[in-house]
Amino acid sequence: MAGMIGIVMGLVLLGLRRSYPPSIRGMRLWGTAPLLCASSTLFYGLDGVLPAPLVALVGNALLLTGVTLFLLGSERLYSLPSSWRRWATVILGALLAITFFMFVYPDYRIRVLVFSGTLAAIVAKHARLLGRHGNRGFAPRFTAMVLWGQAAVLVCRAISTLWLDQADTHRFTQSFVQTLYIAAFSFSVLLVSIGVLLMAGERVRAEFEYLATHDSLTGAHTRRSVLAACAEELTRWSRYGSTFSLLILDIDHFKRVNDAHGHLAGDQVLKRFVRLVQSHLRSADRLGRYGGEEFMVLLPETDSAAAQAVAERMRAALDATPGTADLPHCTVSIGVTTVQAGDPTVDALIARADTALYEAKAQGRNRVRAG
């Protein structure tokens, strides 16, 4: 039953791959993995119909490959270098060792040790990957926990064969330990399939949350997102007296860039501008696109003098950036304001920063003014 449900999970993962955005990578590998694991079970069922060595080797190869595809799918999801060559070599080496201890020096115990040990190494590597690169969401933690449990079952099976089995034991000999091992491993494959499906769902949700709070062109926060952050800072100011500053930045003569070089060049100018501004910000600061070529920067725990110094560094850095045939030279005017006693709303700060910005433009642009 676990194997049949695994097949269903594999088909679900492969089906969802088409409806998920391209940024959700690894779905094809994840969908193929439970299908191969279930195929190995079906192939093991051909014992007595096909030669036993063929059943054992092909079934083992399918199961090893299926478990590895779960790992490779997670590597793709997190944009990590693929380790398929390494694991292909490991799987080939394990199969050669099993073949040796099947024909040259027949010993069932060593075959179980090699096979279970190889599976445990792949599963443990996958669990460690999720522990290092997975976020703190439920899905990667759940999947890693299942994988560590799966690895523990495999290690116990590898160790137990040394005193519970004999050198000539048949791989399909029924025993309590063998039955428990097969049931636990099959069920864990099902749980891993559910885990990676949850991981894909969490990543889709994170993608939508990012798109809802970030500008699709520049990667800066949206106007709504940065205004919400400003409202939170204003609340902190009213409760704890934590000062903060606000910058409004406007790229000078941006319309000329679009008219002379085209809108694609204008888009590149905006992207370059955002990268430059972000290079001067702390992790706690918030850069948002206020509208068109206007941007807003929230600087928590920053007084007026420090905010003006940050703004001046940004202005000077952009002014010092040379233009090219594709990206013309641009300058920026910046209005700076700091929260004051009696500021009722964020709109009051924005109005003050906006007034300072217009003063900077009226005085010749490419300058910083505080209000």
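The values are calculated or read from the model by the stated rules, or taken from the named source; none is laboratory data. Quantities reported herein were computed from a predicted structural model and do not represent experimental measurements. Neighbour counts are summed over all protein chains in view; Cβ atoms, including those assigned to glycine, are modelled from backbone coordinates with ideal geometry.
Scanning the range 8-24 for residues that are of a type outside the set (Gly, Ala, Ser) and surrounded by fewer than 19 Cβ atoms within 10 Å (Cβ to Cβ) returns 8, 11, 12, 14, 16, 17, 18, 20, 21, 22.
Each residue in the range 248-276 was checked for being buried (at least 17 other Cβ atoms within 10 Å of the Cβ) and either of a type in the set (D, E, K, R) or outside the structural domain of residue 329 (by TED's automatic domain parsing) (or both), and 2 of them qualify. What are the pairs, 6+ residues apart or on separate chains, where a residue within the range 127-139 that is in the same structural domain as residue 189 (by TED's automatic domain parsing) has its Cβ under 9 Å from a residue that is of a type in the set (Val, Ile, Thr)? Qualifying pairs under 9 Å: 127/143; 127/146; 130/143; 134/143; 139/196. Taking into account only those residues within the range 97-140 that are within 30 Å of residue 198 (Cα to Cα) and of a type in the set (Val, Ile, Thr), which is surrounded by the fewest Cβ atoms within 10 Å (Cβ to Cβ)? So the residue we want is 118.
Of the residues 176, 172, 185, the single one that is modelled with pLDDT under 90 and touching a strand residue (DSSP E or B) at 6+ places or on another chain (Cβ under 7 Å) is 172.
Of all the listed residues (279, 238), the sole one being among the hydroxyl-bearing types (Ser, Thr, Tyr), under 20 Å from residue 218 (Cβ atoms) and surrounded by fewer than 14 Cβ atoms within 10 Å (Cβ to Cβ) is 279.
May I ask you to verify whether residue 298 is touching a helix residue (DSSP H, G or I) at 6+ places or on another chain (Cβ under 8 Å) and of a type outside the set (Ser, Thr, Tyr)?
Working: touching a helix residue (DSSP H, G or I) at 6+ places or on another chain (Cβ under 8 Å): yes; of a type outside the set (Ser, Thr, Tyr): yes.
Against the criterion (touching a helix residue (DSSP H, G or I) at 6+ places or on another chain (Cβ under 8 Å) and of a type outside the set (Ser, Thr, Tyr)), residue 298 qualifies.
Within the range 49-82, track down each residue that is in contact (Cβ under 8 Å) with a residue 60 or more places away in the chain and of a type in the set (Ser, Thr, Tyr). Residue satisfying the conditions is 74 alone. The set of residues from the range 292-304 being surrounded by fewer than 21 Cβ atoms within 10 Å (Cβ to Cβ) and within 23 Å of residue 364 (Cβ to Cβ) comprises 292, 294, 304.
Please tell me if residue 213 is hydroxyl-bearing (Ser, Thr, Tyr) and over 32 Å from the mean Cα position of the chain (by Cα). So residue 213 does not fit the description; no. Scanning the range 205-220 for residues that are touching a residue at least 24 places away in the same chain (Cβ under 8 Å), closer than 30 Å to residue 17 by Cβ and buried (at least 16 other Cβ atoms within 10 Å of the Cβ) yields a total of 2. The sole residue among 116, 79, 160 that is assigned by TED's automatic domain parsing to the domain that holds residue 200 and at positive phi is 79. Of all residues assigned to the range 307-314, at least one qualifies as being crowded, with 20+ Cβ neighbours inside 10 Å and over 23 Å from residue 341 (Cα atoms). When residue 37 is tested against the conditions (1) touching a Ser or Thr at 6+ places or on another chain (Cβ under 9 Å); (2) surrounded by fewer than 22 Cβ atoms within 10 Å (Cβ to Cβ), the lone failure is (2). Scanning the range 27-44 for residues that are in contact (Cβ under 8 Å) with a residue 60 or more places away in the chain and β-branched (Val, Ile, Thr) turns up just one, 41.
When 225, 216, 193 are checked against the criterion of being out of contact with any helix residue (DSSP H, G or I) (no Cβ under 9 Å at 6 or more places or on another chain) and polar (S, T, N, Q), 216 stands alone in meeting it.
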